[in-house]
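Trainee: Pasting in a structure now, in structure tokens, and then I'll have a few things to ask.
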Amino acid sequence: MCGIIGCTGDFNTADVLLEGLGKLEYRGYDSAGIAVMCSGSIEVVKSKGRISNLSLKISGRDFSSCRSGIGHTRWATHGEPNDVNSHPHISESGLFCVVHNGIIENYIEIRENLKREGFEFLSETDSEVIAHLLEFNYSGDVISALHETVNQLEGSYALGVICTFTPEKIYSARKDSPLVIGMTDKGGLIASDIPAILGYTRDIFIAEDGEIACVGKDKIDFYNSMGLKIEKENISVDWEAGAAEKGGFEHFMLKEIHEEPEAIRKTLANPDMEEVIIKRPERIYIIACGTAYHAGVVGKYIIEEVAGIPVEVDLASEFRYKNPIIGENSLAVVISQSGETIDTLFAMRKAKELGARVLAIVNVVGSSISREADDVFYTRAGPEIAVASTKAYSTQLAAIFMLAEKFSTGRIDKDDLEKLPGMLELILLKKDEIQRFASELYGEKSIFFIGRGLDYALSMEGSLKLKEISYIHSEAYAGGELKHGTIALIEKGTPVICSMTQPHIFSKMAGNLKEVQARGARVLVITTDSLEARAREITDMVITIPDVAPVLAPITAVTPMQLFAYYCAVLKGCDVDKPRNLAKSVTVE
């Protein structure tokens with residue numbers, strides 16, 4: 001879950017590396033570092049903490065003559081966050097320097113073997129073994145040394161490498177961790193993710209598993225897993241460079257919530273779903289992690305309701321290690337914002353091995369999941385920089401609705417779908433009201449979310465958003481389950497947030513709210529305009545959303561929950577875009 005960047009050519013190398021790391025900081029931000037090639041030797045600067053700490057260390061140093069370098073921003077797995085464990089890692093004699101995203105599973109064995117050869121280790125990381133192993137395997141050709149090295153590694157990796165014998169080149173290799181490569185009129189770049197190089201080029205190469213690249217100022221040479229040169233075609237990314245900037249908003253998260261209407265418009269206009277030819281499956285398996293999993297839970301309700309197809313929803317990390325009953329007439333729908341979520345990628349491969357057809361719902365063109373799936377539907381969320389997902393979730397829901405409509409018998413009206421962006425724009429006008437409710441509740445230690453049916457599925461995501469960025473303890477429960485244990489947690493003053501958008505179960509949910517109010521709970525209700533009067537009979541804390549077909553309510557009702565979580569986090573002084581212990585793209589198990 002780390003981020004790597006590299007460049008070579010007529011760049012101000014240190015500036016490009018720092019700028020790229022800033023664009024990748026959502027991938028990890030407990031330490032950072034750069035290595036630059038200067039006068040035939042490698043200079044390394046690294047620091048615990050945020051990129052700003054690294055910038056202070058670099059400030060005043062003259063790297064203007066350096067024309068190649070690599071950088072890294074870390075989410076710690078092996079070894080605590082400190083200057084020593086930070087990347088880049090340099091080899092015994094200073095010949096090689098490496099940045100690494102991923103996990104080397106056999107690093108202990110490699111380290112012990114290298115120690116017997118006289119190599120000394122400074123850090124606790126798994127990544128340092130790569131630098132020393134490169135030097136051990138080097139016999140005059142970097143590509144051969146890199147090829148031999150990666151063949152000895154078990155696990156996942158995206159590597160950026162520089163070598164003092166080839167000062168104007170950077171090297172990369174990849175297995176199960178994302179890596180993109182770009183060429184500009186100034187030189188070449190590598191990165192973990194597109195936003196890091198989007199300001200320089202929109203034409204990128206996607207590295208495949210087992211491939212090695214040698215990036216120079218004027219060209220890129222690609223090699224396959226056999227060490228043979230290959231030709232690759234680039235792809236064009238239609239994201240605007242400014243999409244990865246805050247654009248005047250205080251935080252990326254707030255900006256991305258405001259981008260939801262346009263993102264959904266673009267997703268609904270994507271013709272991919274109509275062009276996908278999928279025979280009606282006997283069963284659908286939705287496989288995902290985190291927020292994408294919650295989108296899948298909503299999807300289960302939707303698809304079963306409107307299409308009559310049985311749906312199972314699995315956490316990808318669990319699906320991979322169980323023995324699911326899945327066959328040739330099954331459709332596996334894998335959902336991932338980045339298209340690189342490692343658990344989802346491995347679970348998808350298992351579903352394919354078992355004979356299922358795989359449809360991927362992803363946001364990033366050319367990502368690993370999109371390339372390996374049988375069919376792919378791209379959401380049109382654009383870059384999502386905040387760690388807590390907002391517009392990616394909304395567009396995943398839109399994609400699921402489009403899939404459900406594909407198999408439905410007319411239960412979803414396309415006109416209703418097309419009205420959603422306008423409804424979201426109206427909801428965003430109520431952000432001051434939502435902020436006021438947040439100001440009343442942000443000091444609480446625990447907040448519970450409850451709902452029934454689709455509202456319960458939605459509550460799971462609302463609860464996750466709140467705990468992710470505000471660190472307020474929060475749980476979501478099905479309203480009917482309160483009396484089976486959960487109500488024991490309710491006491492005087494306990495806040496309970498309830499989504500009530502489904503008219504056919506409104507009375508049942510109202511009864512559940514009366515139960516928690518009888519125990520002293522403070523209740524905040526999110527409901528539709530037509531149900532507002534009934535909601536105000538229960539509580540005076542009500543947020544309304546425009547009337548919408550009940551099956552589509554999760555898209556409109558999630559925005560108030562996202563805003564509520566955002567304002568709670570801001571009022572608590574939390575780092576909204578970079579919550580503690582979390583990173584954006586989960587590329588390690």
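Trainee: From the set of residues in the range 66-81 that are at pLDDT 80 or above and either in a loop (DSSP other than H, G, I, E, B) or among the aromatic types (Phe, Trp, Tyr) (or both), which is least open to solvent (accessible area, probe 1.4 Å)?
Mentor: Checking each candidate, the answer is 66.
Trainee: Would you check if there is a residue in the range 451-471 being assigned to a helix (DSSP H, G or I), polar (S, T, N, Q) and open to solvent by 60 Å² or more (accessible area, probe 1.4 Å)? Lay out the reasoning, then the answer.
Mentor: Of the range 451-471, the ones assigned to a helix (DSSP H, G or I) are 454-470.
Narrowing further to those that are polar (S, T, N, Q): 459, 463, 470.
Filter again for open to solvent by 60 Å² or more (accessible area, probe 1.4 Å), leaving none.
No, every residue in the range 451-471 fails to be assigned to a helix (DSSP H, G or I), polar (S, T, N, Q) and open to solvent by 60 Å² or more (accessible area, probe 1.4 Å).
Trainee: For residue 509, are the conditions met, namely being buried (at least 22 other Cβ atoms within 10 Å of the Cβ) and touching a Cys at 6+ places or on another chain (Cβ under 7 Å)?
Mentor: So residue 509 passes the test.
Trainee: Of all residues in the range 216-241, which are out of contact with any Asp or Glu (no Cβ under 8 Å at 6 or more places or on another chain), over 30 Å from residue 379 (Cβ atoms) and of a type outside the set (D, E, K, R)?
Mentor: Correct list: 226, 227, 228.
Trainee: In the range 152-194, what residues are part of a helix (DSSP H, G or I) and modelled with pLDDT under 95?
Mentor: 194
Trainee: What number of residues within the range 326-366 are open to solvent by 30 Å² or more (accessible area, probe 1.4 Å), modelled with pLDDT of 90 or more and either of a type in the set (Asp, Glu) or in contact with a His (Cβ under 8 Å, 6 or more places away or on another chain) (or both)?
Mentor: Selection size over the range 326-366: 1.
Trainee: Picking from 356, 399, 373, 381, which residue would you name as being of a type in the set (A, V, I, L, M, F, W, C) and more than 16 Å from residue 272 (Cα to Cα)? Outline the logic, then answer.
Mentor: Numbers: 399 fails: more than 16 Å from residue 272 (Cα to Cα); 373 fails: more than 16 Å from residue 272 (Cα to Cα); 381 fails: more than 16 Å from residue 272 (Cα to Cα).
The conditions single out 356.
Trainee: From the residues in the range 401-424 that are assigned to a helix (DSSP H, G or I) and loosely packed, with under 14 Cβ neighbours inside 10 Å, which one is modelled with the lowest pLDDT?
Mentor: So, considering only residues that are assigned to a helix (DSSP H, G or I) and loosely packed, with under 14 Cβ neighbours inside 10 Å, the one modelled with the lowest pLDDT is 414.
Trainee: When the residues of the range 532-565 are narrowed to those that are assigned to a helix (DSSP H, G or I) and out of contact with any helix residue (DSSP H, G or I) (no Cβ under 7 Å at 6 or more places or on another chain), which ends up most open to solvent (accessible area, probe 1.4 Å)?
Mentor: The extreme case among them is 536.
Trainee: Step by step: first the residues of the range 215-239, then only those that are in a loop (DSSP other than H, G, I, E, B) and among the acidic types (Asp, Glu), then the one that is nearest to the chain's Cα centre (by Cα). Which residue is that?
Mentor: Among those residues, the one meeting the criterion is 238.
Trainee: Ok, one more. I need every pair where a residue in the range 101-126 that is within 11 Å of residue 153 (Cβ to Cβ) has its Cβ under 6 Å from the Cβ of a residue that is aromatic (Phe, Trp, Tyr), sequence separation at least 6 or different chains.
Mentor: Close Cβ pairs satisfying both conditions: 102/157; 126/107.
Trainee: Does the range 430-438 include one or more residues that are open to solvent by 20 Å² or more (accessible area, probe 1.4 Å), touching a residue at least 12 places away in the same chain (Cβ under 8 Å), part of a helix (DSSP H, G or I) and charged (D, E, K, R)?
Mentor: Looking only at the range 430-438, we keep the residues that are open to solvent by 20 Å² or more (accessible area, probe 1.4 Å), and these are 430-433, 435-436.
Within this subset, residues satisfying the condition of being touching a residue at least 12 places away in the same chain (Cβ under 8 Å) are 430-431, 433, 435.
If we keep only those that are part of a helix (DSSP H, G or I) too, we end up with 431, 433, 435.
Those left that are additionally charged (D, E, K, R): 431, 433.
Yes: the range 430-438 contains one or more residues that are open to solvent by 20 Å² or more (accessible area, probe 1.4 Å), touching a residue at least 12 places away in the same chain (Cβ under 8 Å), part of a helix (DSSP H, G or I) and charged (D, E, K, R).
Trainee: If we keep just the residues of the range 323-341 that are part of a loop (DSSP other than H, G, I, E, B) and small (Gly, Ala, Ser), which is nearest to residue 393 (Cα to Cα)? Write out each step before concluding.
Mentor: From the range 323-341, those part of a loop (DSSP other than H, G, I, E, B) are 323-329, 337-341; that's our starting set.
Next cut, small (Gly, Ala, Ser) only: 327, 338-339.
Details: 327: 28, 338: 12, 339: 13 Å.
Checking each candidate, the answer is 338.
Trainee: Quick one: residue 140 ticks every box in (1) closer than 19 Å to residue 190 by Cα; (2) outside any strand (DSSP E or B) bar one, so which box is it?
Mentor: Going through (1) closer than 19 Å to residue 190 by Cα; (2) outside any strand (DSSP E or B) one by one, residue 140 breaks only (1).
Trainee: Please verify whether residue 525 is assigned to a strand (DSSP E or B), open to solvent by less than 20 Å² (accessible area, probe 1.4 Å), free of Cβ contacts under 8 Å to residues at least 40 places away in the same chain and closer than 21 Å to residue 470 by Cα, treating the condition exactly as stated.
Mentor: Considered against the rule, which asks whether it is assigned to a strand (DSSP E or B), open to solvent by less than 20 Å² (accessible area, probe 1.4 Å), free of Cβ contacts under 8 Å to residues at least 40 places away in the same chain and closer than 21 Å to residue 470 by Cα, residue 525 comes out as yes.
Trainee: Report whether or not residue 570 is assigned to a helix (DSSP H, G or I), closer than 30 Å to residue 24 by Cα and open to solvent by 20 Å² or more (accessible area, probe 1.4 Å).
Mentor: Judged against the criteria, residue 570 is a match.
Trainee: Within the range 129-144, how many residues are surrounded by fewer than 24 Cβ atoms within 10 Å (Cβ to Cβ) and in contact (Cβ under 8 Å) with a residue 40 or more places away in the chain?
Mentor: Number satisfying all stated conditions: 5.
Trainee: Restricting the range 33-63 to residues that are polar (S, T, N, Q) and in contact with a Ser or Thr (Cβ under 8 Å, 6 or more places away or on another chain), which is least open to solvent (accessible area, probe 1.4 Å)?
Mentor: So the first thing to find is which residues in the range 33-63 are polar (S, T, N, Q), and the list is 39, 41, 47, 52-53, 55, 59.
Filter once more, so that each one left must be in contact with a Ser or Thr (Cβ under 8 Å, 6 or more places away or on another chain): 39, 41, 47, 53.
On the way: 39: 124, 41: 56, 47: 10, 53: 63 Å².
Going through the qualifying residues, I end up with 47.
Condition check ((1) under 20 Å from residue 419 (Cβ atoms); (2) open to solvent by less than 50 Å² (accessible area, probe 1.4 Å); (3) modelled with pLDDT of 90 or more) across all residues:
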site	(1), (2), (3)
260	yes, yes, yes
264	yes, yes, yes
276	no, yes, no
285	no, yes, yes
289	no, yes, yes
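Trainee: Ok, one more. Return the total of residues in the range 484-502 being free of Cβ contacts under 8 Å to residues at least 60 places away in the same chain, open to solvent by less than 70 Å² (accessible area, probe 1.4 Å) and either more than 23 Å from residue 527 (Cα to Cα) or not in a loop (DSSP other than H, G, I, E, B) (or both).
Mentor: Of the residues in that region, 7 qualify.
The values are calculated or read from the model by the stated rules, or taken from the named source; none is laboratory data. Treat the numbers as computed from the prediction; the structure is a model and nothing was measured. Positions of Cβ are backbone-derived with ideal geometry, glycine not excepted, and every protein chain shown enters the neighbour counts. Side chains included, ligands, DNA and RNA excluded: accessible areas come from the protein's heavy atoms. Shrake-Rupley method; radii C 1.70, N 1.55, O 1.52, S 1.80 Å.
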